[in-house]
């Protein structure tokens, strides 16, 4: 199995400590109730972040997305951004973590009084869990790339479940991943309701045609922080970039393709539906990877 979140095994992760509602517990002791709304119904919002030399990259942007998502589903976070920052600090400190760390922060509506859907049955307040792992993307993906398969499962309309919500309810993406695996690929390339290329089941998607960078309109995909940073880097460095509708036709004929995400930053795509993308040379992707690394370096230096 190959995914954009593939990392080398790190024995230290067997003894990580996890934040659960103010307590910091060994991973074997960190538990939530079977009545928790996140477990029972997928009622919650999560955020993924990376720690570089003691600095959470683009913390403000991640918190803007997190709090906006919580507001959209009327989920009271129970603390402000400073409170979240302190919870992150305590968890990282308890684990002795400063660099090459990936965090998954999850907030649910909390424990329900009865095992039914209505959100009013969650009366005990939210559940906040923070998992941090020593995690570094494997290098080999930069040469081999990811194999994608276009899948029947689509990214839905905002009126069904807005894809901009980083929701615990990820079943549509899981189905897309299963469909891709059945087709012999690593991840599923998902279309929007109109049949245009949108995103994969786990990451945002870009193509390069004649040295111009294309990505979806953003109407049906997660509003990725790394996605926006790549768009901004293109604009700041005279790389033509377009947020537009395009079909599999343009994707198959692309010179390059890559995925963006907090964990893997920019991951090259080798094939889509068995069709090799370009010649294997990826000059624009390589340039954007270098620009992004420099952006991270400057961002961390400014905040250290």
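The numbers here are math on the coordinates, done by the rules we state, and not lab data. What you see is a predicted model, and the numbers here were worked out from it, not measured in a lab. Don't worry about glycine lacking a Cβ; one is built from the backbone with ideal geometry, like all the others, and counts go over all protein chains shown.
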May I have the extent of the alpha carbons of region 126-264 along their three principal axes, as whole Å values ordered from largest to smallest?
47, 36, 30
With springs connecting C-alpha atoms under 10 Å apart, model the chain as a Gaussian network and identify which of 121, 189, 259 has the largest mean-square fluctuation.
121
The simple spin-label model distance between residue 293 and residue 217, using points 7 Å out along Cα→Cβ, in nm, is 3.7 nm
Rounded if a/c is under 1.5, else prolate if a/b is larger than b/c, else oblate: which is region 1-46, with a ≥ b ≥ c the root eigenvalues of its Cα gyration tensor?
oblate
Tell me the label-point distance for the pair residue 12, residue 170, using the 7 Å Cα-to-Cβ offset, in nm and rounded to one decimal.
2.3 nm
Starting from the Cα-Cα distance between residue 238 and residue 123, subtract it from 0.36 nm times their residue separation and give me the gain in nm to one decimal.
36.2 nm
For region 185-270, fraction of C-alpha pairs farther apart than 21 Å, in %
19 percent
Answer check: region 33-96, Cα atoms, Kirkwood Rh, Rg/Rh ratio of 1.00
Among the DSSP beta bridges whose two residues both lie in region 148-297, what percent are antiparallel, rounded to the nearest 5?
75 percent
At 222 nm, what value in deg cm²/dmol follows for the chain if DSSP H runs of at least 4 each add -39500 (n - 2.57) and the sum is divided by all its residues, to the nearest 500?
-9000 deg cm²/dmol
Simple spin-label model, 7 Å along Cα-to-Cβ: residue 104 to residue 250 in nm?
3.3 nm
What are the extents of the Cα atoms of the chain along their three principal axes, in Å, largest first?
55, 43, 34
Listed peptides 209-218, 82-91 by packing density, highest first (mean Cβ within 10 Å):
209-218, 82-91
Fewest-first sequence of 144, 200, 3 by Cβ atoms within 10 Å of each Cβ
144, 3, 200
Prolate/oblate/rounded label for region 115-174 (Cα gyration tensor, a/c 1.5):
oblate
The alpha-carbon pair-distance distribution computed for region 11-134, with 5 angstrom bins and whole-percent values, is 2, 11, 22, 22, 19, 14, 7, 2, 0
Can you bin region 202-248 into rounded, prolate or oblate? Criterion: square roots of the alpha carbon gyration tensor eigenvalues sorted a ≥ b ≥ c, rounded for a/c under 1.5, prolate for a/b above b/c, oblate for the rest.
oblate
Place a point 7 Å from the Cα of residue 79 in the direction of its beta carbon; the residues of region 103-142 whose amide N falls under 13 Å from it are 105-107, 126-131
FRET efficiency estimate (nearest 0.05) - Cβ-Cβ, residue 113 to residue 183, R0 51 angstrom:
0.75
For region 68-170, build the convex hull from the C-alpha positions and give me its volume per residue in Å³.
167 Å³
